[in-house]
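Report on the following structure.
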Amino acid sequence: MKHQPFETRAHDLTGYAALNFLDGRFASFAQVFARFDPARHEPVTLKISLEAGRFTLTLYARDRLQAPPPNPSGKKLLVQKFKLVLTADAFSRHISRFAVALSNEKFNIEEMEVIPS
């Protein structure tokens, strides 16, 4: 997958995240979003924001009826946006594991080696 970084000037730390759904399926989780139809929409990406104790989830999905499949020739992938706000408890009911690694972008964390302290 292509690296898709956040705009680093707008954040103190940026990085990578990994998420596992309880049933192991992104598409079945996507059904909690209003207007999302699994027969019509294909989930593409999920943006997760935490603010004031609530998670704002933004799902981007391809409309199989309107948007052509991604084209390697460089054309844009057309997606629709679905939003949902959940409490931390409600969000955690769908997740088996959520891991995040953040850095200040000053160093290449892939070149780190942990030494005894």
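Every read-out reported here was derived from the displayed coordinates using simple, explicitly stated rules and does not represent laboratory data. Since this is a predicted model, take the numbers as computed values, not measurements. Note that each Cβ is placed from the backbone with ideal geometry, even for glycine, and that neighbours are counted across all protein chains shown.
Side notes on the structure shown:
- Gyration tensor verdict on the chain (Cα atoms; rounded if a/c is under 1.5, prolate if a/b is larger than b/c, oblate otherwise): oblate
- Neighbourhood net charge (10 Å Cβ-Cβ; Lys/Arg +1, Asp/Glu -1) for Glu42: +2
- Here the Gaussian network model covers the chain, with springs between Cα atoms less than 10 Å apart; of Asp12, Asp37, Asp63, Asp12 fluctuates the most.
- Most mobile listed residue (Lys47, Lys83, Lys75) in the chain, GNM with C-alpha springs under 10 Å: Lys75
- Each residue of region 24-37 is assigned a 3J(HN,Hα), and the resulting list reads x, 10, 4, 4, 6, 5, 4, 5, 6, 7, 4, 6, 7, 10 Hz, derived from the Karplus form 6.51 cos²θ - 1.76 cosθ + 1.60 (θ = phi - 60°), x at Gly and Pro.
- Computed about its Cα centre, the charge dipole of the chain is approximately 640 debye, with only Lys, Arg, Asp and Glu carrying charge at their Cβ.
- Helical content of the chain, expressed as a calculated mean residue ellipticity at 222 nm, amounts to -1500 deg cm²/dmol (DSSP H runs of 4 or more residues, -39,500 (n - 2.57) each, divided by residue number, nearest 500).
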